[in-house]
């Protein structure tokens with residue numbers, strides 16, 4: 001039931017299989033993270049796959065894997081306009097290293113300006129993320145069948161409950177790295193001598209927008225003091241009513 005290369009694949013079988021979460025998890029979960037990514041492209045065409053990257057401290061891991069397995073995969077980058085300059089420099093470095101085709105996703109200009117003028121990240125961090133991250137990517141999500149995510153279970157309680165595949169509204173979220181531990185991540189980075197985010201050495205373990213990111217281990221430096229641990233891209237923001 002796995003599709004073949006070229007036009008000869010059985011589209012109907014693939015479509016029906018691709019949305020049976022339990023079947024997909026039975027097939028993909030026993031595999032290694034590399035095998036999962038390789039197999040993904042036997043179930044879905046490149047145009048059906050959405051890959052986003054924040055170019056944070058963990059991003060190079062998944063970028064390296066995907067570019068080695070499927071080098072023509074496009075990378076969508078949500079530019080909230082609030083990134084550290086170091087993140088933008090890191091994005092440039094990785095783009096050149098891997099010859100990435102970057103598709104930049106920007107928020108609505110007037111709404112973005114409003115969040116800047118009123119500093120929504122202070123009193124309304126959830127809405128700030130909605131305007132600058134979630135709303136801009138939503139129409140792009142609607143055009144794809146599966147969304148590759150680099151979430152790892154050890155990072156947060158929310159992520160610890162994720163399976164290899166989860167249904168999120170009308171799209172499948174694919175977590176090929178979900179069950180690796182931090183030691184495996186660090187080993188891969190060192191073994192392959194991958195470039196690290198410049199702020200990592202300064203004590204930033206997780207990096208998002210500059211207003212909402214401080215130094216800290218794990219995700220402790222994100223939205224400190226707000227009780228917020230996720231921007232909203234990964235929890236159930238795309239559930240259709």
* part of a loop (DSSP other than H, G, I, E, B) and modelled with pLDDT of 85 or more - does that describe any residue in the stretch 152-173? -> yes
* Asked: Do the conditions hold for residue 141, that is, is it surrounded by 14 or more Cβ atoms within 10 Å (Cβ to Cβ) and in contact with a helix residue (DSSP H, G or I) (Cβ under 8 Å, 6 or more places away or on another chain)?
  -> no
* To do: Mind listing whichever residues of the stretch 104-127 are part of a strand (DSSP E or B) and either surrounded by 12 or more Cβ atoms within 10 Å (Cβ to Cβ) or in contact with a helix residue (DSSP H, G or I) (Cβ under 6 Å, 6 or more places away or on another chain) (or both)?
  => 105
* Positions within the stretch 70-85 being surrounded by 16 or more Cβ atoms within 10 Å (Cβ to Cβ) and either in a strand (DSSP E or B) or out of contact with any strand residue (DSSP E or B) (no Cβ under 9 Å at 6 or more places or on another chain) (or both), in sequence order -> 75, 76, 77, 78, 83
* Exactly one condition in (1) closer than 29 Å to residue 192 by Cβ; (2) assigned to a loop (DSSP other than H, G, I, E, B) is not met by residue 89; state its number. => (2)
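The values are calculated or read from the model by the stated rules, or taken from the named source; none is laboratory data. Keep in mind that this is a model prediction, so the values were computed, not measured. A quick note on method: Cβ atoms are made from the backbone with ideal geometry, for glycine too, and the neighbour counts reach across all protein chains shown.
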